[in-house]
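Novice: Questions regarding the structure given below will be posed in turn.
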Amino acid sequence: MKVRLLLFVMSIVLCSACEFKWFRGESQVDEPRVSVVRYDRLESRYLTTGDFSALQQMNTQYPVETRTLLEDILKLGEVSDPSINARFLNFYQDTILQAVISDVELQYANMDDINELLDKSFDRLQRMIPNLSLPVVYAQIGSFDQSIVVGDKRIGISLDKYLGTDYPTYAYYYSERQRRTMKRSYIVPDCLTFYLLSLYPLKDFEHCTQAERDTHMGRVQWVVNRSMGAKFFHSAAIDQADSLMAKQRVPVSQFLTTP
């Protein structure tokens with residue numbers, strides 16, 4: 001009887017231990033809170049094969065992203081226009097844009113490195129600004145327009161603007177200085193920069209001096225550097241922001257909103 005009781009107790013202990021270990025493992029394997037939604041893959045399917053199911057998914061699952069792409073970026077007309085889908089498809093039949101779609105698929109077949117850095121950076125940023133809302137981040141293919149589109153707590157990454165400094169087509173449209181930033185390593189810092197600028201814009205921007213604009217950008221980029229855990233951006237304005245924060249140590253939200 002004692003032996004049976006001992007075995008029963010041991011089985012409970014073992015099961016409890018297993019259950020505890022299982023739950024502990026569950027809590028340690030966290031899904032990233034911020035990662036890139038591959039809207040660009042649906043877009044690519046429709047634009048290269050005319051797959052209507054891909055277009056349906058774009059419209060039903062990502063209505064905001066699709067409206068932004070068609071109306072604000074490509075400026076093809078209103079998304080409700082009956083002929084908008086045909087104009088969208090025809091627009092990308094250009095040989096250069098078809099090559100861009102193919103190159104995006106090749107270069108960004110895997111975005112794990114970007115997802116990891118995005119998640120870690122936004123985690124640090126939220127610790128610095130506790131009330132910060134985490135955005136939805138998605139990838140798209142534009143037509144060499146905006147690199148990052150921010151709105152409605154969304155960040156759209158136009159992968160066609162990040163195909164590499166030496167990407168041949170860029171030489172026709174951009175200066176050497178502009179091309180330096182059109183590469184993979186700039187995606188995360190650009191996302192952070194433009195998102196912060198949307199949340200903490202410089203008041204009365206049009207009437208501000210260049211020095212005031214540089215100071216504000218320096219503060220934003222200082223925060224971006226801290227969020228990334230690396231000094232990605234470098235400038236005199238960032239150095240000034242670093243010195244100021246070392247002295248004042250004010251909350252980051254206050255630092256971004258006060259002159």
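The values are calculated or read from the model by the stated rules, or taken from the named source; none is laboratory data. Owing to the predicted nature of the structure, the values given are computational and were not obtained by experimental measurement. Every residue, glycine among them, receives a Cβ derived from its backbone with ideal geometry; neighbour counts consider all protein chains shown. All accessible areas refer to the heavy atoms of the entire protein, side chains included, with ligands and DNA or RNA removed. Shrake-Rupley method; radii C 1.70, N 1.55, O 1.52, S 1.80 Å.
Novice: Can you work out which of the residues in the stretch 126-147 that are buried (at least 21 other Cβ atoms within 10 Å of the Cβ) and among the β-branched types (V, I, T) is nearest to E71 (Cα to Cα)?
Specialist: I141
Novice: Out of the stretch 75-88, which residues are of a type outside the set (V, I, T) and in a helix (DSSP H, G or I)?
Specialist: Hits for the stretch 75-88 are N85, A86, R87, F88.
Novice: I would also like to ask the following. Looking at the stretch 97-125 only, could you name the residues that are farther than 30 Å from R219 by Cα and either surrounded by 14 or more Cβ atoms within 10 Å (Cβ to Cβ) or at pLDDT below 95 (or both)?
Specialist: L97, V100, I101, D103, V104, E105, Q107, Y108
Novice: Please work out if A139 is in contact (Cβ under 8 Å) with a residue 12 or more places away in the chain and closer than 21 Å to L47 by Cα.
Specialist: yes
Novice: Quick test of your reading of the structure: D72 fulfils all but one of (1) crowded, with 16+ Cβ neighbours inside 10 Å; (2) part of a helix (DSSP H, G or I). Name the failing condition by number.
Specialist: Going through (1) crowded, with 16+ Cβ neighbours inside 10 Å; (2) part of a helix (DSSP H, G or I) one by one, D72 breaks only (1).
Novice: Separate question: Which residues, taken from the stretch 133-170, are under 20 Å from L196 (Cα atoms), out of contact with any Phe, Trp or Tyr (no Cβ under 8 Å at 6 or more places or on another chain) and of a type in the set (D, E, K, R)?
Specialist: D152, K153
Residue-by-condition table, conditions (1) open to solvent by 90 Å² or more (accessible area, probe 1.4 Å); (2) over 21 Å from the mean Cα position of the chain (by Cα); (3) modelled with pLDDT of 50 or more:
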| position | (1), (2), (3) |
| --- | --- |
| K2 | yes, yes, no |
| L7 | yes, yes, no |
| D30 | yes, no, yes |
| T48 | no, yes, yes |
| S53 | no, yes, yes |
| T60 | yes, yes, yes |
| P63 | no, no, yes |
| T68 | no, no, yes |
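Novice: Which members of the stretch 218-242 meet the condition of being open to solvent by less than 20 Å² (accessible area, probe 1.4 Å) and closer than 20 Å to Q146 by Cβ?
Specialist: V220, V224
Novice: Shifting gears a bit: Would you point out the residue of the stretch 75-95, among those that are in contact with a Phe, Trp or Tyr (Cβ under 9 Å, 6 or more places away or on another chain) and farther than 16 Å from R41 by Cα, that is most open to solvent (accessible area, probe 1.4 Å)?
Specialist: That would be N85.
Novice: Still on this structure, I have one more. Counting only residues that are open to solvent by 60 Å² or more (accessible area, probe 1.4 Å) and of a type in the set (V, I, T), how many does the stretch 160-217 have?
Specialist: Selection size over the stretch 160-217: 1.
Novice: Inspect all residues belonging to the stretch 243-258 and state whether any of them is over 22 Å from D123 (Cα atoms), surrounded by 12 or more Cβ atoms within 10 Å (Cβ to Cβ) and not charged (D, E, K, R).
Specialist: Yes, the conditions are met somewhere in the stretch 243-258.
Novice: Hey, another quick one. Could you look through the stretch 149-159, keep only residues that are open to solvent by 20 Å² or more (accessible area, probe 1.4 Å) and of a type outside the set (K, R), and pick out the one that is farthest from F232 (Cα to Cα)?
Specialist: D152
Novice: Oh, and also: P130 is checked against (1) touching a Phe, Trp or Tyr at 6+ places or on another chain (Cβ under 9 Å); (2) part of a loop (DSSP other than H, G, I, E, B) and fails just one. What number does that condition carry?
Specialist: (1)
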